[in-house]
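The values are calculated or read from the model by the stated rules, or taken from the named source; none is laboratory data. No experiment lies behind these values; they were computed from the predicted model shown. Cβ placement follows ideal geometry from the backbone for every residue including glycine, while neighbour counts extend to all protein chains displayed.
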Amino acid sequence: MLSVNEAGAMQKTGKTLIDRGTITELIELRLSRRAALKGLGAAAAMTAFGAAALRAGGTDAAGSLGFAELEKTNDETHHVAAGYDADVLIRWGDPMIPGAPAFDPKAVRAASQEKQFGYNCDFIAYMPLPPGSGASDHGLLCVNHEYTIAPLMFPGFTADAMTEAQVEAELAAHGHSVVEVRKVGDKWRVVADGVHNRRLSMRSTEIGVSGPAAGHDRLKTKADPSGTKVMGLLNCCSGGTTPWGTVLIAEENFHQYFGGHPAETPEAANHARLGIKGEPEYQWAKFFERFDVEKEPNEPNRFGWVVELDPYDPMSRPVKRTALGRFKHEAATCVVNHDGRVVIYSGDDERLECVYRFVSAGRFDPANRAANLTLLDSGTLSVAMFDADGTLSWLDLSHGQGPLTEANGFKSQADVVIEARRAAELAGATKMDRPEDVETNPLSGRVYVILTNNSKRAADQTDAANPRGPNKFGHIIEMIPPGGAGAEADHAADRFTWDIFIKCGDPRNADHGASLHPNVTADGWPASPDNCAFDTAGNIWLATDGAPKAAGFADGLWAAPVAGEARGLTKLFFTTPVGAELCGPCFTPDNQTLFLAVQHPGEAERAMSYESPATRWPDFAEGVPPRPSIVVVTKRGGGVIGAP
Ligand code: FEO
Ligand code: CA
Ligand code: CA
Ligand code: CA
């Protein structure tokens, strides 16, 4: 069933229907729209969708995508639309710190890995140099390294014989890289001895802790009796950037590293809620006590946060900002509200988990960077409840509110943020279909929530915001703040409206229950959307993770206008080599360069090995395993990516 948001049409008047207290009117309007669409044939409905979308887009900017669509692929290499170059810029193991040895796939060790680009690149931020310059030909790439795949990293690997040295190399390959890049002529180059270059890892980078959980007993360990400094950052997935020039790094699936018997610890219920079962995917607990929850029951409480990093100061100490809550953060998207307060949106990427928002107490001051660096330490955390009538309520997760009291085990805000999931559930948040990236369209002020898929939602568990059970292909929700478009939007309001932007899948296959623009081609429909970015024309660029499983074609990058006649007309721009997901999408300010992260090339459900991988991308050299890498896309002869 198509969903069209009529409230959005009111935005041009500067106020939404909700503002004027006409909820009933809104419900009636939505119901009549849905009833009307039901009576139409699919094609007619799609046309109605297009016309309504033109009104609903919240902006006149219709986007302008002029590239020739790529065909879907599923092979050993990457592909980009005709007329573009997609060059590999930096690979796992490439030297990026002075003194780093050249990559030797037969000798992957912690000491070398800490001076080389890490494994499984995910989030990419491009931070211009000099800071604040807006330069589009010189900057820092700040890249997350989410996880490692031992069978593809070590020759002759067998799980039973995994060594401490291999585990140490894994710790070193996790984390984050800051690496200087520069455009010379029409090609980008890595500056391997850049003064800002930095590798952050699970092995050697101390991270500070701030906000309500800093110093709390539940964060204290033998190695850190203060509960204020953590060795490392873990499962760094996607992220965000702030207008004061810092990078937000989201810690996601931290549960899979912890061994021991969590049920035997004082944190048993908390660990269970986060999926820590003592059946780790990794062997870290075998060699390092801190990953054994029986020996260090609080260690998992020190992960699952958003880490703020100042990449412009290579000596700066990154900080875990606990006010933003602890869960499996996919990303952390920052927008400065019209009144100067800073708003961070973040999804908890697990089936039937929630969408969160943090609103700072203080205000962004462009003239006082030092003050901005503590903005994320105090404010209000809330969680989204999507109503069938098209309203979205942000439920306050402040200690003492509603059920968040001592009677339910919350003694302070520290307990609330440490157990944000439990707090959200008690507050009545909507359980979503795996919220991945959240991104704001700077033109309309609308906020897009990417829901990648959900095999766990039963047919009788659907709701308006998660209308398919199971949800095999994923969908995207628009959260619509009141108060006007763009910079006038009130991202701190208690209530928004919401709508479904697209439902992925093949629109020609009724079983998929997809809804996209009627002109979407057989190559143009995506599956399992994950990360996204907006270009300056207001088009959304969707990177996918899981398309092969869902649909049999490689993951890649699809772009679509979100407003105008072509709203929801997704087009394929880039595809990954077999086994990879696509992450990152990150434009330079002039939109003439697009950085993409190709994560886990060659990863397979089974039979993965260094000796016979599904692909040897990008080197294609005998004996060299696949290497997660950053790809840089430019238009041949120059120009804006995607523009006609
Ligand atoms: Fe790390 Fe939800 O992807
Ligand atoms: Ca992701
Ligand atoms: Ca993003
Ligand atoms: Ca994913």
Would you confirm whether any residue within segment 333-348 is touching a helix residue (DSSP H, G or I) at 6+ places or on another chain (Cβ under 9 Å), away from ligand 2 (no atom under 16 Å from the Cβ) and without any contact (Cβ under 8 Å) to a residue 24 or more places away in the chain?
-> no
Just one listed residue, out of Val167, Val181, is closer than 14 Å to Tyr119 by Cα, touching a residue at least 12 places away in the same chain (Cβ under 8 Å) and in contact with a Phe, Trp or Tyr (Cβ under 6 Å, 6 or more places away or on another chain), and it is Val167
Of all residues in segment 229-243, how many are outside any strand (DSSP E or B) and either over 27 Å from Gly379 (Cβ atoms) or within 16 Å of ligand 4 (Cβ to nearest atom) (or both)?
-> 1
Taking segment 541-584 only, how many residues are among the small types (Gly, Ala, Ser) and farther than 16 Å from Cys504 by Cβ?
-> 6
Residues satisfying the stated conditions in segment 444-465, i.e. within 16 Å of ligand 1 (Cβ to nearest atom), in a loop (DSSP other than H, G, I, E, B) and in contact with a strand residue (DSSP E or B) (Cβ under 6 Å, 6 or more places away or on another chain) = Thr452, Asn453, Lys456
How many residues does segment 273-303 contain that are surrounded by fewer than 20 Cβ atoms within 10 Å (Cβ to Cβ) and part of a loop (DSSP other than H, G, I, E, B)?
-> 9
Restricting attention to segment 568-592, the residues that are away from ligand 2 (no atom under 16 Å from the Cβ), of a type outside the set (A, V, I, L, M) and surrounded by 24 or more Cβ atoms within 10 Å (Cβ to Cβ) number exactly 7
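Quick one: is Leu542 within 16 Å of ligand 4 (Cβ to nearest atom), farther than 24 Å from Gly469 by Cα and surrounded by 24 or more Cβ atoms within 10 Å (Cβ to Cβ)?
Considered against the rule, which asks whether it is within 16 Å of ligand 4 (Cβ to nearest atom), farther than 24 Å from Gly469 by Cα and surrounded by 24 or more Cβ atoms within 10 Å (Cβ to Cβ), Leu542 comes out as no.
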What do you reckon, is Leu140 over 17 Å from Pro628 (Cα atoms), crowded, with 20+ Cβ neighbours inside 10 Å and touching a Pro at 6+ places or on another chain (Cβ under 8 Å)?
-> yes
From (1) under 26 Å from Glu581 (Cβ atoms); (2) surrounded by fewer than 24 Cβ atoms within 10 Å (Cβ to Cβ), pick out the condition that doesn't hold for Val179.
-> (2)
For the subset of segment 414-465 comprising residues that are within 16 Å of ligand 4 (Cβ to nearest atom) and surrounded by fewer than 22 Cβ atoms within 10 Å (Cβ to Cβ), which member is nearest to Lys503 (Cα to Cα)?
-> Ser455
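Filter segment 502-528 for residues that are out of contact with any His (no Cβ under 8 Å at 6 or more places or on another chain) and not in a loop (DSSP other than H, G, I, E, B) and give the result.
Ala510, Asp511, His512, Ser515
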Only one of (1) surrounded by fewer than 19 Cβ atoms within 10 Å (Cβ to Cβ); (2) closer than 22 Å to Ala370 by Cα; (3) of a type in the set (Gly, Ala, Ser) fails for Gly211. Which number is that?
-> (1)
Please determine, by comparing only the residues of segment 67-110 that are outside any loop (DSSP other than H, G, I, E, B) and either without any contact (Cβ under 8 Å) to a residue 60 or more places away in the chain or of a type in the set (Gly, Ala, Ser) (or both), which one is farthest from Pro628 (Cα to Cα).
-> Ala110
Lone qualifier among Val293, Val383, Val359, Val355 - being under 18 Å from Gly239 (Cβ atoms) and of a type in the set (A, V, I, L, M) | Val355
Sole miss for Glu168 among (1) surrounded by 18 or more Cβ atoms within 10 Å (Cβ to Cβ); (2) under 21 Å from Thr588 (Cα atoms); (3) charged (D, E, K, R) is condition (2)
Can you spot a residue in segment 112-124 that is hydrophobic (A, V, I, L, M, F, W, C), touching a Phe, Trp or Tyr at 6+ places or on another chain (Cβ under 7 Å) and either in a helix (DSSP H, G or I) or within 16 Å of ligand 3 (Cβ to nearest atom) (or both)?
-> yes
Cβ pairs under 6 Å, 6+ apart or interchain, first in segment 628-644 and closer than 18 Å to Val184 by Cβ, second modelled with pLDDT of 95 or more and among the hydroxyl-bearing types (Ser, Thr, Tyr), ordered by first then second residue, are Val633/Tyr84; Thr634/Thr593; Lys635/Tyr84
Pick from segment 554-579, criterion within 16 Å of ligand 4 (Cβ to nearest atom) and outside any strand (DSSP E or B), ranking: nearest to Asp349 (Cα to Cα) | Asp555
Can Ala407 be described as outside any loop (DSSP other than H, G, I, E, B) and farther than 22 Å from Val306 by Cα?
-> yes
Filter segment 224-282 for residues that are among the charged types (D, E, K, R) and within 28 Å of Cys142 (Cα to Cα); which is farthest from the chain's Cα centre (by Cα)?
-> Asp224
Yes/no for Gly469 being in contact (Cβ under 8 Å) with a residue 24 or more places away in the chain and either surrounded by fewer than 24 Cβ atoms within 10 Å (Cβ to Cβ) or in a loop (DSSP other than H, G, I, E, B) (or both) = no
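Each row is one residue, and each column tells you yes or no for (1) within 16 Å of ligand 1 (Cβ to nearest atom); (2) outside any loop (DSSP other than H, G, I, E, B); (3) β-branched (Val, Ile, Thr).
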residue: Gly208; (1), (2), (3): no, yes, no
residue: Gly227; (1), (2), (3): no, no, no
residue: Gly245; (1), (2), (3): no, no, no
residue: Leu248; (1), (2), (3): yes, yes, no
residue: His255; (1), (2), (3): yes, yes, no
Before we move on, is Pro601 within 16 Å of ligand 2 (Cβ to nearest atom), under 27 Å from Arg351 (Cα atoms), under 20 Å from the mean Cα position of the chain (by Cα) and not in a strand (DSSP E or B)?
-> yes
Scan of segment 412-443 for residues that are out of contact with any His (no Cβ under 8 Å at 6 or more places or on another chain) and part of a loop (DSSP other than H, G, I, E, B), ordered by number = Glu419, Gly428, Ala429, Thr430, Lys431, Arg434, Asn441, Pro442, Leu443
Which residues, counting only those in segment 614-634, are in a loop (DSSP other than H, G, I, E, B) and buried (at least 23 other Cβ atoms within 10 Å of the Cβ)?
-> Trp617, Pro625, Pro626, Arg627, Pro628
Ala533 within 16 Å of ligand 1 (Cβ to nearest atom), modelled with pLDDT of 95 or more, within 20 Å of the chain's Cα centre (by Cα) and farther than 14 Å from Val633 by Cα | yes
Looking at segment 304-312, is at least one residue closer than 28 Å to His196 by Cα and surrounded by fewer than 23 Cβ atoms within 10 Å (Cβ to Cβ)?
-> yes
